[in-house]
Amino acid sequence: MADRLDQPRSSRRRLLRLDRETVGRGAEKFARFMGTGQFLLYMTAFIIVWVILNVVGFTRFHWDPYPFILLNLCFSVQASYAAPLILLAQNRQDDRDRVALAQDRQQAERNLADTEFLTREIAALRLALSEVATRDFVRSELRELLADLKDDPGA
């Protein structure tokens, strides 16, 4: 499809298109895996095999002799990729925590408003009930009326 000169380009062309969500989910999985005992076990086994192959030398060719400079380089590369991925995973978690905190704050505000409304309603009911004639009040009024009728038979 030919470029139209009367319209701007919608986006720049990229060699590699990555979805931010996909990269973020991958970073979280990677960070989660690096924090497990299984990862430590795999790394320990890898290092032991590396050292044995280079020190004992089951082969004539030692690709990384004693100071293990290539192994250190591998660790440096791993660390240079691990740190940003872990930070990306932490940033995503911070964003989720921020959203959850905002939702909790809104829920707390709604609960407070509901509680204040119910408190006002209970206070209004108490005021309304204080003006209602109670059973004891009606009995006392009837007694007084009967006493008045006994005292004044002509009424």
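The values are calculated or read from the model by the stated rules, or taken from the named source; none is laboratory data. Since we're looking at a predicted model, the values are computed, not measured. No Cβ is skipped: glycine too gets one built from the backbone with ideal geometry, and neighbour counts run over all protein chains shown.
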Review point. Across segment 65-121, which residue is surrounded by the fewest Cβ atoms within 10 Å (Cβ to Cβ) among those that are over 18 Å from Ala27 (Cβ atoms) and touching a helix residue (DSSP H, G or I) at 6+ places or on another chain (Cβ under 8 Å)?
Key: Tyr66
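Let's see how each residue does on (1) at pLDDT 90 or above; (2) under 12 Å from the mean Cα position of the chain (by Cα):
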| site | (1), (2) |
| --- | --- |
| Thr59 | no, no |
| Ala82 | no, no |
| Leu85 | no, no |
| Asp95 | yes, yes |
| Arg98 | yes, yes |
| Asp104 | yes, yes |
| Gln107 | yes, no |
Check your understanding: For segment 43-72, how many residues meet the condition of being assigned to a helix (DSSP H, G or I), over 19 Å from Ala83 (Cβ atoms) and not hydrophobic (A, V, I, L, M, F, W, C)?
Key -> 2
Practice item. Under 9 Å between Cβ atoms, at least 6 apart or on separate chains: pull out the pairs that start in segment 129-155 with a residue that is part of a helix (DSSP H, G or I) and end on any residue that is at pLDDT below 90 and not β-branched (Val, Ile, Thr). Key: Glu141/Ala133; Asp148/Ala155; Leu149/Ala155
Point to revise | Within segment 113-130, tally of residues that are among the small types (Gly, Ala, Ser) and modelled with pLDDT of 95 or more | key: 1
Review point. Can you pull out the residues in segment 15-49 that are in contact (Cβ under 8 Å) with a residue 24 or more places away in the chain and of a type in the set (Phe, Trp, Tyr)?
Key: Phe30
Check your understanding: Give me the pairs: first residue in segment 85-108 and within 19 Å of Arg20 (Cα to Cα), second residue part of a helix (DSSP H, G or I) and of a type in the set (Phe, Trp, Tyr), beta-carbon distance under 7 Å, and six or more apart or on different chains, which are they?
Key -> Leu85/Phe30
